[in-house]
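Take this structure first; my questions come after.
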């Protein structure tokens with residue numbers, strides 16, 4: 001393909017996270033005082049876009065209080081997130097939206113800020129859901145510029161974690177031929193015509209490749225043989241690392257589970273192009289690795305998106 005795949009922007013524009021400086025409070029304070037520093041306000045786990053765009057503020061324009069979370073540096077500018085309690089957030093409550101509400105702002109020219117936003121929301125989600133020590137129930141205090149929580153009673157440290165999930169495009173037929181097909185599914189709660197790649201979480205003691213085979217079999221009844229790595233993407237909705245694969249089907253009869261997947265179909269490239277153009281099939285968009293998997297297999301950009 002002659003264009004950058006959507007999810008690649010998340011690694012291409014990665015920022016220097018300054019992990020070694022997270023314990024240097026003087027360094028952090030100096031960066032906060034720098035008028036060039038930029039700050040993303042987060043209310044609980046929500047952001048407030050302005051005109052559909054992500055808004056970055058100078059520290060002097062930020063409200064008092066909240067947790068200063070060091071994101072890191074990009075292009076010589078330090079970035080923070082300021083995590084506020086929802087009741088302390090400025091403006092109207094309805095102004096604040098979850099990450100899905102601003103994914104459109106993270107494509108095109110906005111893709112450069114996607115890694116910073118994903119970092120901020122992933123950490124905010126962790127703080128939002130981690131309120132007490134899982135060992136003793138004690139209160140937690142923030143350390144290391146928001147990247148560690150320590151119990152005030154038993155001193156146990158809590159670190160942010162990502163749940164591994166697989167997302168896969170399954171193919172059948174002679175590779176690269178007009179007869180080659182890919183398998184897409186429609187979620188049980190999705191409207192007619194909305195299709196995406198299959199996905200699921202990795203279970204304990206399971207390799208990612210085996211998770212691909214198990215999830216495809218459970219959801220569609222299709223058997224998968226060889227599985228090849230494609231790429232990965234952070235996905236803080238709420239705390240996942242999506243690891244992409246391309247697999248080859250060894251048996252292609254579809255038998256959907258009806259619980260998670262309501263419908264699954266095989267598409268040739270010609271069918272996908274025609275139906276996406278007509279709007280009878282709507283594919284995932286934004287910076288999603290699902291879109292990248294589909295367009296990588298298809299060999300070009302497709303119209304339409306969620």
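The values are calculated or read from the model by the stated rules, or taken from the named source; none is laboratory data. Just so it is clear, the structure is predicted and the values come from calculations on it, not from any experiment. As a convention, Cβ positions derive from the backbone with ideal geometry for all residues, glycine included, and neighbour counts pool all protein chains shown.
Being touching a helix residue (DSSP H, G or I) at 6+ places or on another chain (Cβ under 9 Å) and either surrounded by fewer than 18 Cβ atoms within 10 Å (Cβ to Cβ) or not in a loop (DSSP other than H, G, I, E, B) (or both), is that true of even one residue in region 89-97?
yes
Just to be sure, is residue 135 part of a loop (DSSP other than H, G, I, E, B), surrounded by fewer than 20 Cβ atoms within 10 Å (Cβ to Cβ) and within 15 Å of the chain's Cα centre (by Cα)?
No: the conditions fail for residue 135.
Restricting to region 237-253, what's the tally of residues that are exposed (fewer than 15 other Cβ atoms within 10 Å of the Cβ) and in a loop (DSSP other than H, G, I, E, B)?
Count: 1.
Moving on. Take the conditions surrounded by 15 or more Cβ atoms within 10 Å (Cβ to Cβ) and either in a helix (DSSP H, G or I) or under 16 Å from the mean Cα position of the chain (by Cα) (or both) and apply them to residue 211. Does it pass?
Spelling it out, residue 211 is indeed surrounded by 15 or more Cβ atoms within 10 Å (Cβ to Cβ) and either in a helix (DSSP H, G or I) or under 16 Å from the mean Cα position of the chain (by Cα) (or both).
Can residue 220 be described as modelled with pLDDT of 95 or more, closer than 30 Å to residue 14 by Cβ and outside the structural domain of residue 69 (by TED's automatic domain parsing)?
no
Pick out the one residue from 222, 216 that is buried (at least 16 other Cβ atoms within 10 Å of the Cβ) and touching a helix residue (DSSP H, G or I) at 6+ places or on another chain (Cβ under 6 Å).
After ruling out the rest, the residue left standing is 222.
Now a separate question. Please go through region 138-171 and pick out each residue that is on the phi > 0 side of the Ramachandran plot and without any contact (Cβ under 8 Å) to a residue 12 or more places away in the chain.
Listed by number, the list holds a single entry, 155.
Further question on the same structure: Please go through region 20-31 and pick out each residue that is surrounded by fewer than 17 Cβ atoms within 10 Å (Cβ to Cβ) and either closer than 13 Å to residue 69 by Cβ or in contact (Cβ under 8 Å) with a residue 40 or more places away in the chain (or both).
The one that is surrounded by fewer than 17 Cβ atoms within 10 Å (Cβ to Cβ) and either closer than 13 Å to residue 69 by Cβ or in contact (Cβ under 8 Å) with a residue 40 or more places away in the chain (or both): 23.
Given 204, 191, 234, which one is outside the structural domain of residue 46 (by TED's automatic domain parsing), surrounded by 15 or more Cβ atoms within 10 Å (Cβ to Cβ) and either closer than 30 Å to residue 46 by Cα or under 23 Å from the mean Cα position of the chain (by Cα) (or both)?
Selected residue: 234, the only one of 204, 191, 234 that is outside the structural domain of residue 46 (by TED's automatic domain parsing), surrounded by 15 or more Cβ atoms within 10 Å (Cβ to Cβ) and either closer than 30 Å to residue 46 by Cα or under 23 Å from the mean Cα position of the chain (by Cα) (or both).
Identify, by number, the condition in (1) modelled with pLDDT under 95; (2) part of a helix (DSSP H, G or I) that residue 124 doesn't meet.
Condition (1) is where residue 124 drops out.
Only residues that are part of a helix (DSSP H, G or I), surrounded by 23 or more Cβ atoms within 10 Å (Cβ to Cβ) and in contact with a strand residue (DSSP E or B) (Cβ under 8 Å, 6 or more places away or on another chain): list them for region 270-293, please.
289, 290, 292, 293
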